[in-house]
Amino acid sequence: MKRVALEEWLMRMVIAAVPMAGVVGCAARKTAGPPVYPATRSEPVVDTYHGHRVADPYRWLENRESPEVQAWVAAQNEVTRAFFDSVPHRRVIRSRLRRLYDYPRYGGLRKEGGRYFFSKNSGLQNQAVLYMRKSLHGKPTILLDPNRLSKDGTVALSGVWVSKDGLLLAYSLSRSGSDWQEIRIRRVDTGEEFPEVLERCKFSPVAWMPDNTGFFYARFPDAGAVAPQDENNYHRVYWHKLGTPQREDRLVFERPDFKELTFYPIMTDDGRYLVLSVHHGTDERNRVYYRAAASDGPFVRLLDAADARYDFIGNMGSVFYFHSDLDAPRGRIIAIDVERPDRANWREIIPQQDDVLAFAVLANRQFAVVWNHDVHHLLKIYSLDGQWVRDIPLGGLGTVTELWGKPDEAEMFFAFTSFLFPTTFYRYDFQAQKLESYLESRLDFDSSAYETRQVFYASKDGTRVPMYITHKKGIVLDGNNPTLLYGYGGFSASIMPSFSAARLFWLERGGVYAVANLRGGSEYGEQWHRAGMLANKQNVFDDFIAAAQWLIQNRYTSPQRLAIEGRSNGGLLVAACMLQRPDLFGAVICGVPVADMLRYHKFTVGRYWIPEYGNAEASEREFKTLLAYSPVHNVKKGAVYPPILILTAETDDRVVPSHGWKFAAALQAAGGPNLVLLHTETKAGHGHGKPMAKVIEEQANMFGFLFTMLGGQDVERKRDGEGR
């Protein structure tokens, strides 16, 4: 459609979407007439699954290299950009977001060789900068500034591994949000770069040898060395000798008999053992292999049954400590002496509790353990024989996002955050038993005017589900508050209290923010996870729908004023829920969604998710389960769905953009009266490493969409002297 006609239509949509009463619903938005989108052809493509024929008319959109697909994406972006440009007060939204994001943020704190390493974003930098201090309170010096590596900030520092003596740095870079990484090496004191660049890496840590001669890492085969469908298979562990080209790296371990396995090398703190954590996709049940670090011999397959989760915590000599859910779905700590590895000799150190064991480290020859208690963290210290020593106060309902400690160090660091409290790092001195803030963030926002409460509601089957609600103090529960409900529900990921500068903008404009802790996560252990995966996936959608109903029934909001947001697996969540209950929602933010559940495993790392979702080709039962909720297969012609903004990215090689493209095409073809907007970000991936400029732009677009669709918020008002 022509630009002038497009802008006229969009202006009619904006006017219709913001009536004088400030309360908007699907009926009010119908008055603008059906939107006009770029033409999308359909093809008579049909697949047969276990005797069932399934149409796939937009299969051609899977070929993102096609000029036709690229032209279609560009045309969709033009429609969406015209809408964003037409949003009243968008400049005010973006200006306030910039002010809120302009505060110092820290991460990645660790200590090696008596030196302290951490990242810091001063506020509006596109990427965080890596710093080092030679003493606890010494002057920080810049080690690596990724903002200098690209003009647009799309090169991100995705991994940092410091040698045990603190003198060498291995780091990985990601470009345009890709999961593919290249590993480089430099000297900490001089900044001298080593000539080699290690490629074909993805998700792999670096395990330094204590003598700094090199490190172990894992990578995938060279491009063209295997069939295209196997480029994310045949993961192998290599030894890299410092100062030599990658082609000379020595193969250390592989499993060609099981090409789907991936390996994560870990060097024990004492430098005695090289440990491999071995995984099959996203299955929580892993394997553990090891060998002496200085050995060239075979690996010992210590745990090879894949019967439970075994997270390596650390070792004291030949005794390995694991966080495991074997016979303990909420987690426990066990000890295995590798010199007497028979299961009869295993020892339980910290038994399963009522709370869920989130993670643990060895620090000061003790265990520092983070527990998940009703979706907020507790931090406790235990002796090596499992006796409780003391609690570390955290100061409220929040989350320990990072925890660093070593067996031979008498200090420990952790980061804590909550919905209204930006991430702050704390140092705990074991000898003095003293806790103090170490790296603190401050920003232009008065959190005392807001509150967070936790509620519990009943899902469709009666399951008790927790939900956090954050808003201004003293709000009136009249059913008229614009509310944003967020969820995820998958892959054993606990959605804990977290801080977001963008969310503050929503709150200070009178919005309510809610987070539902759905089944599929691990908020209550592995049983909670399994209750929302595979054949139980519908439970996740039922939990989210029940959260929306609770917010409406308790007069926080109304369907016309309730928006939902989810990303990745959460994008699948909100897509499925809007299709199943379109009457409940006034707007949808659907980010980088997994939307084609019959073919997701055919692209990039999609096959990693088979343990979570199932495989439509391998099982008729799993096919029927997936088809029942797959968003691209459940759009109904003529249905009245709420307005939706689908966000994806051209270089997303985790959830490929064709998921969002096919879903948008199906919704637009259905002919409903409400907006279906698709925005494909350029030079961006699944979300990690996104430059701050792009983050602010995306958030401004999102809030502009929500304010227009939900209506009734004073976006332009002044705050603390803030003008236009």
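The values are calculated or read from the model by the stated rules, or taken from the named source; none is laboratory data. Owing to the predicted nature of the structure, the values given are computational and were not obtained by experimental measurement. Because the Cβ atoms are built from the backbone with ideal geometry, glycine has one as well, and the counts that use them run over all protein chains shown.
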*asked:* Would you confirm, using the coordinates I've provided, whether G243 is in the same structural domain as P210 (by TED's automatic domain parsing) and in contact with a Pro (Cβ under 6 Å, 6 or more places away or on another chain)?
replied: no
*Are any residues in the stretch 250-268 closer than 18 Å to Y310 by Cβ and not aliphatic (A, V, I, L, M), and if so, which ones?*
F253, R255, F258, T262, F263, Y264, P265, T268
*Taking only pairs six or more apart or across chains, which ones have beta-carbon atoms under 6 Å, a first residue in the stretch 439-466 that is touching a residue at least 12 places away in the same chain (Cβ under 8 Å) and within 20 Å of R581 (Cα to Cα), and a second residue that is of a type in the set (S, T, N, Q) and part of a loop (DSSP other than H, G, I, E, B)?*
V465/S459
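Name the residue, out of R91, R98, that is outside any loop (DSSP other than H, G, I, E, B) and modelled with pLDDT under 95. If you could, list the steps in order and put the result at the bottom.
On the way: R98 fails: modelled with pLDDT under 95.
R91 is the lone residue from the list that is outside any loop (DSSP other than H, G, I, E, B) and modelled with pLDDT under 95.
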*Assess whether A410 counts as being among the hydrophobic types (A, V, I, L, M, F, W, C), over 23 Å from A546 (Cβ atoms) and in contact with a Ser or Thr (Cβ under 9 Å, 6 or more places away or on another chain).*
no
*Can you work out which of the residues in the stretch 292-302 that are outside any strand (DSSP E or B) and not hydroxyl-bearing (S, T, Y) is nearest to T282 (Cα to Cα)?*
F299
*List every residue pair whose Cβ atoms sit under 6 Å apart, with the two residues 6 or more apart in sequence or on different chains, where the first one lies in the stretch 513-532 and is under 29 Å from L706 (Cα atoms) and the second, anywhere, is part of a helix (DSSP H, G or I) and among the charged types (D, E, K, R).*
Y513/R503; L518/D543; R519/D543
*Looking at (1) buried (at least 21 other Cβ atoms within 10 Å of the Cβ); (2) within 29 Å of S630 (Cβ to Cβ); (3) touching a strand residue (DSSP E or B) at 6+ places or on another chain (Cβ under 7 Å); (4) aliphatic (A, V, I, L, M), which is the only condition M533 fails?*
(3)
*Just checking, how many residues over the stretch 511-521 are assigned to a loop (DSSP other than H, G, I, E, B) and surrounded by fewer than 24 Cβ atoms within 10 Å (Cβ to Cβ)?*
0
*Evaluate the stretch 259-270: report whether one residue or more is over 19 Å from S163 (Cα atoms) and part of a loop (DSSP other than H, G, I, E, B).*
yes
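Mind telling me which of the residues A576, A595 ends up being in contact with a helix residue (DSSP H, G or I) (Cβ under 9 Å, 6 or more places away or on another chain) and part of a loop (DSSP other than H, G, I, E, B)? Even if it seems obvious, please write down each step before you answer.
Numbers: A576 fails: part of a loop (DSSP other than H, G, I, E, B).
The conditions single out A595.
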_Looking at (1) at pLDDT 95 or above; (2) surrounded by 18 or more Cβ atoms within 10 Å (Cβ to Cβ); (3) touching a Phe, Trp or Tyr at 6+ places or on another chain (Cβ under 9 Å), which one does P57 not meet, given that it meets all the others?_
(3)
*Regarding R309, is this residue free of Cβ contacts under 8 Å to residues at least 24 places away in the same chain and surrounded by fewer than 22 Cβ atoms within 10 Å (Cβ to Cβ)?*
no
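Can you tell me which residues in the stretch 433-452 are closer than 30 Å to Y382 by Cα and in a loop (DSSP other than H, G, I, E, B)? Reasoning before the result, please.
Narrowing the stretch 433-452 to residues closer than 30 Å to Y382 by Cα: 433-441.
Q433, E440, S441 - these are the residues of the stretch 433-452 that are closer than 30 Å to Y382 by Cα and in a loop (DSSP other than H, G, I, E, B).
In the stretch 220-242, how many are surrounded by 12 or more Cβ atoms within 10 Å (Cβ to Cβ) and either in contact with an Asp or Glu (Cβ under 8 Å, 6 or more places away or on another chain) or part of a loop (DSSP other than H, G, I, E, B) (or both)?
Taking the stretch 220-242 first, the residues surrounded by 12 or more Cβ atoms within 10 Å (Cβ to Cβ) are 220-222, 226, 230-242.
Okay, now just the ones that are also either in contact with an Asp or Glu (Cβ under 8 Å, 6 or more places away or on another chain) or part of a loop (DSSP other than H, G, I, E, B) (or both), so 220-222, 226, 231-242.
Looking only at that region, the number is 16.
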*Do we have any residue at all in the stretch 259-273 that's in contact with a Lys or Arg (Cβ under 8 Å, 6 or more places away or on another chain) and small (G, A, S)?*
yes
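Can you tell me which residue within the stretch 321-366, out of those that are small (G, A, S) and within 23 Å of Y290 (Cα to Cα), is surrounded by the most Cβ atoms within 10 Å (Cβ to Cβ)?
So in the stretch 321-366, the residues small (G, A, S) come out as 324, 328, 331, 335, 344, 358, 360, 363.
Filter again for within 23 Å of Y290 (Cα to Cα), leaving 324, 331, 335, 344, 360, 363.
Numbers: S324: 23, G331: 27, A335: 19, A344: 6, A360: 25, A363: 24.
Selected residue: G331.
For every residue, the table says whether it meets (1) of a type in the set (G, A, S); (2) modelled with pLDDT of 95 or more; (3) within 28 Å of the chain's Cα centre (by Cα); (4) surrounded by 14 or more Cβ atoms within 10 Å (Cβ to Cβ).
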position	(1), (2), (3), (4)
G398	yes, yes, yes, yes
F414	no, yes, yes, yes
T423	no, yes, yes, yes
Y426	no, yes, yes, yes
Q431	no, yes, no, no
N480	no, yes, no, yes
*asked:* What's the number of the only condition in (1) among the aliphatic types (A, V, I, L, M); (2) in contact (Cβ under 8 Å) with a residue 24 or more places away in the chain; (3) assigned by TED's automatic domain parsing to the domain that holds A587 that V476 fails to meet?
replied: (2)
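Could you say whether any residue in the stretch 282-291 is free of Cβ contacts under 8 Å to residues at least 40 places away in the same chain and closer than 27 Å to S178 by Cβ? Explain how you work it out, then say what you get.
Applying the first criterion (free of Cβ contacts under 8 Å to residues at least 40 places away in the same chain) to the stretch 282-291 yields 285-289, 291.
Of the ones still in play, those that are also closer than 27 Å to S178 by Cβ are 286.
The answer is yes, given that some residue of the stretch 282-291 is free of Cβ contacts under 8 Å to residues at least 40 places away in the same chain and closer than 27 Å to S178 by Cβ.
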*When the stretch 96-120 is examined, which residues are found to be surrounded by fewer than 18 Cβ atoms within 10 Å (Cβ to Cβ) and free of Cβ contacts under 8 Å to residues at least 60 places away in the same chain?*
G113, G114
*Regarding E716, is this residue closer than 12 Å to V592 by Cα and either modelled with pLDDT under 95 or touching a helix residue (DSSP H, G or I) at 6+ places or on another chain (Cβ under 9 Å) (or both)?*
no
*Mind checking which residues of the stretch 121-137 are more than 24 Å from the chain's Cα centre (by Cα), in contact (Cβ under 8 Å) with a residue 12 or more places away in the chain and assigned to a loop (DSSP other than H, G, I, E, B)?*
K134, S135, L136
*Go over the candidates T262, T268 one by one and state the one that is in contact with a helix residue (DSSP H, G or I) (Cβ under 9 Å, 6 or more places away or on another chain), farther than 27 Å from Q353 by Cα and at pLDDT 95 or above.*
T262
_Selected residue (criterion: surrounded by the most Cβ atoms within 10 Å (Cβ to Cβ)) from residues of the stretch 138-157 that are without any contact (Cβ under 8 Å) to a residue 24 or more places away in the chain and outside any loop (DSSP other than H, G, I, E, B)_ = N147
_Odd one out for A502, checked against (1) assigned by TED's automatic domain parsing to the domain that holds V540; (2) hydrophobic (A, V, I, L, M, F, W, C); (3) buried (at least 20 other Cβ atoms within 10 Å of the Cβ)_ = (3)
*For F220, all conditions in the list (1) over 28 Å from the mean Cα position of the chain (by Cα); (2) at pLDDT 95 or above; (3) not β-branched (V, I, T) hold save one; what is the number of the exception?*
(1)
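Taking the stretch 479-492 only, how many residues are closer than 29 Å to D102 by Cα and either of a type outside the set (V, I, T) or not assigned by TED's automatic domain parsing to the domain that holds G532 (or both)?
Residues flagged as closer than 29 Å to D102 by Cα and either of a type outside the set (V, I, T) or not assigned by TED's automatic domain parsing to the domain that holds G532 (or both) within the stretch 479-492 amount to 7.
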